[in-house]
Amino acid sequence: MTIERISALRKKFTDNYEAVVITNLNNVRYLCGYTGSNGVLLITKKEAIFFTDFRYQEQCQKEINGCADIAIVKNGEDKALFEKIIAMGIKTLGFEKSLSIGRFLEFANYFKGGKLIPTDNLVEELRQYKDNDEIDCLQTAFDIADKSLESLLEDICIGMTEIEVAALLELSLKIHGSEKPSFDTIVAAGPNASCPHHQPTDRRIKKGDMLKIDFGATFNGYHSDMTRTFFVGRATAKFKKIYSIVAEAQKQAIEAIKIGEECKKIDAIARKVITDAGYAKEFGHGLGHSFGLEIHEKPAFSPLNPSKIEVGHTYTVEPGIYIPGWGGVRIEDSFAITENGLWRFTNFPNDLIELDLPIQSR
């Protein structure tokens, strides 16, 4: 599959450059299968060469598996890369815009006789379209997340801190097969739930709290993403009202997702439900994003994105209402777009769940 991906990238080459250097390690992984933390991939119209150092010699031989030639270097892969580029007679070289300024200056120093051309999301555009193997990896990551959350709810207690709950969830993710969390786990109790990306603190969970948990697992490098907002004890009337508004916004948006529809229209549908309920100012982020080898990828459901939904895309759908001093509710589920409709990755229930938790023993 990686050979086909490299071929697809070559078709995106323009006349502005003769070759492209790939430095983003997620893009390297996508194109040639390498999962290590150091290396650079050169792709010309006929060749692909991967440069790394001795530490990854065995790893890249196993992972790259013939889709690129391998160069193990001693004095820095960038130096060796440009020695090879110059020896090949290449005069124009595309580079990724994610390249740091410092590394770009090093490239320019090595390539004084040539011209560096910035490219814009060449590989990322290919990565928007997930194939069956990628969908399988994503589904496994979501299955791990579902099982981990189920286990967490058996262990948490009133009196635990947000930090403790996050630690328990991340341990559960590991036990169930996650390579690492998709991102820093969000656990927000009570009024802390009004912050969309709250960082867990030493605040203890109390009866009468809402409890927002946003987390993900990774499998073979692919990320899952899910948010659930629970209530500890019997939910208040206000919580039930806010939860029902968010749930309805999510439901209407999901029903509207169709191949060829504009992303901004899906966002607008969910946003209208929340706006009509009087909470427009309390929903300030986009409705959702794509995911894969990174937790946030393109395209996205946002008011500013006119791009259209296509087969192979993945999306989260995560409306929320956030009220400072009170708290917040977000419900997030994730999907793939297939020729037969939506494929739902998340299986954990998204109905309002009231938690009857024991008190933590000291």
How big, on average over all directions, is the shadow cast by the Cα convex hull of the chain, in nm²? 20.0 nm²
Heavy-atom surface of the chain, accessible at 1.4 Å and reported per residue (Å²): 46 Å²
Mind checking which of Y222, Y315, Y129 has the largest fluctuation in a GNM of the chain, springs on alpha carbons under 10 Å? Y129
Please give the residues of segment 138-165, grouped as numeric ranges, whose backbone N is less than 16 Å from a label point set 7 Å along the Cα-to-Cβ vector of T338. 138-143
Measuring from label point to label point, each 7 Å out along Cα→Cβ, what is the L355 to S151 span in nm? 1.7 nm
Mean-square fluctuation maximum in Gaussian network of the chain, Cα pairs under 10 Å, restricted to K62, K207, K264, hits K62
Label-to-label distance, nm, for residues given as L105 and K91 (7 Å Cα→Cβ offset): 2.8 nm
Full-extension gain in nm, L304 to C195, via 0.36 nm per residue minus C-alpha separation: 37.0 nm
Could you put D202, D143, D133 in order of accessible surface area, largest first, with the 1.4 Å probe and the full protein assembly present? D202, D133, D143
Any chance you could give the angle, 0 to 90 degrees and rounded to 10, that helix 101-110 forms with the longest Cα principal axis of the chain? 10 degrees
Taking a ≥ b ≥ c as the square roots of the eigenvalues of the Cα gyration tensor, with a/c under 1.5 meaning rounded and otherwise prolate when a/b exceeds b/c and oblate if not, segment 145-276 is oblate
Given +1 on the Cβ of Lys and Arg, -1 on the Cβ of Asp and Glu, and no further charges, what dipole in debye does the chain carry about its Cα centre, rounded to the nearest 20? 800 debye
Taking just the alpha-carbon atoms of segment 222-344, what radius of gyration and Dmax come out, in angstrom? 14.5, 44
Long pairs among K130/K241; K238/K272; K62/K97, criterion Cα-Cα beyond 31 Å: K130/K241
Extending each Cα 7 Å along its Cβ direction at D131 and S98, get the distance between those two points in nm, one decimal. 1.9 nm
Report the Cα centroid-to-centroid distance between segment 319-362 and segment 1-65 in angstrom, as an integer. 38 Å
With a sphere of radius 9 Å drawn around the Cβ of G328, what net charge do the other residues whose Cβ falls strictly inside it have (Lys, Arg +1; Asp, Glu -1)? +1
Considering only protein heavy atoms and a 1.4 Å probe, what is the carbon-and-sulfur percentage of the accessible area of segment 9-166? 47 percent
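The values are calculated or read from the model by the stated rules, or taken from the named source; none is laboratory data. Worth saying up front: this structure is predicted, and the values here are computed from it rather than measured. Positions of Cβ are backbone-derived with ideal geometry, glycine not excepted, and every protein chain shown enters the neighbour counts. For accessibility, only protein heavy atoms count, side chains too; no ligands or nucleic acids. Shrake-Rupley method; radii C 1.70, N 1.55, O 1.52, S 1.80 Å.
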